[in-house]
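Asks: Before anything else, here's the structure in question.
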Amino acid sequence: MRKLTHLFTAAAFYAVAATAACAATFDLTDAARYSMNSFTMAGDDGLTMTVSGGDYDGAARSVSAHKDFGLSVGDVYIDTNEFALFEFSRKVNLTSFMAGFVDSTDGYRVYALVGGLYEMIASGDFGVSNLLGKNTDRATVTLGDTVASTAFAIGVANWWDEFKVRSVSVDPVSEVPLPAGGVLLLSALGLVAVKRRKA
């Protein structure tokens with residue numbers, strides 16, 4: 001019985017370890033950072049995010065985080081053919097981001113670094129009604145657990161699109177996952193131990 005208790009204790013430990021990594025939101029409206037090549041923000045549990053900018057032609061662009069308004073690339077917005085690049089100190093799932101200064105015609109694309117290349121994982125229009133006026137409209141794009149990566153890019157879908165990124169939310173990938181086979185094995189061992197005890 002003591003061995004069985006140890007097995008279930010181990011299973012509980014690994015299950016908790018697998019979910020111990022907490023979601024993190026990086027607020028890009030909390031401070032003023034102007035015309036920088038890149039900047040780094042610290043999250044919980046040692047997770048860091050480095051922000052830089054570029055365009056679809058391959059050129060690097062400066063980034064600015066405007067206090068209370070959000071992140072822009074190059075000048076005032078992320079626009080024309082620009083994107084913001086978010087690099088993390090370990091693998092995460094990009095679960096959502098909030099954009100500001102959007103209207104009903106603005107669109108976005110989201111890319112993840114997969115196998116050394118950036119693959120588009122989401123695109124669409126922000127879909128706001130534009131009732132409040134361009135300077136106050138915000139939209140949250142929820143992505144869910146799309147793909148685990150150390151780098152994501154958020155950019156415009158078309159040359160006329162423009163917006164700022166106000167925040168980025170990620171879910172760190174657990175470094176100590178318990179494989180599904182491990183759970184089944186522990187369950188089977190538990191049943192064997194119970195049957196032996198009854199016999």
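The values are calculated or read from the model by the stated rules, or taken from the named source; none is laboratory data. Small disclaimer: the values here were computed from a predicted structure and weren't measured. As a convention, Cβ positions derive from the backbone with ideal geometry for all residues, glycine included, and neighbour counts pool all protein chains shown.
Asks: Can you name the residue in segment 118-140 that is among the small types (Gly, Ala, Ser) and closer than 21 Å to ASP68 by Cβ and is also modelled with the highest pLDDT among such residues?
Replies: Step by step, filter segment 118-140, then rank; the result is ALA139.
Asks: Conditions first: (1) modelled with pLDDT under 90; (2) of a type in the set (A, V, I, L, M); (3) surrounded by 19 or more Cβ atoms within 10 Å (Cβ to Cβ). MET49 passes all but one, so which condition is the exception?
Replies: (1)
Asks: Give the residues of segment 98-112 that are in contact (Cβ under 8 Å) with a residue 40 or more places away in the chain and either over 15 Å from VAL128 (Cα atoms) or among the hydroxyl-bearing types (Ser, Thr, Tyr) (or both), sorted by residue number.
Replies: THR105, TYR108, ARG109, VAL110, TYR111, ALA112
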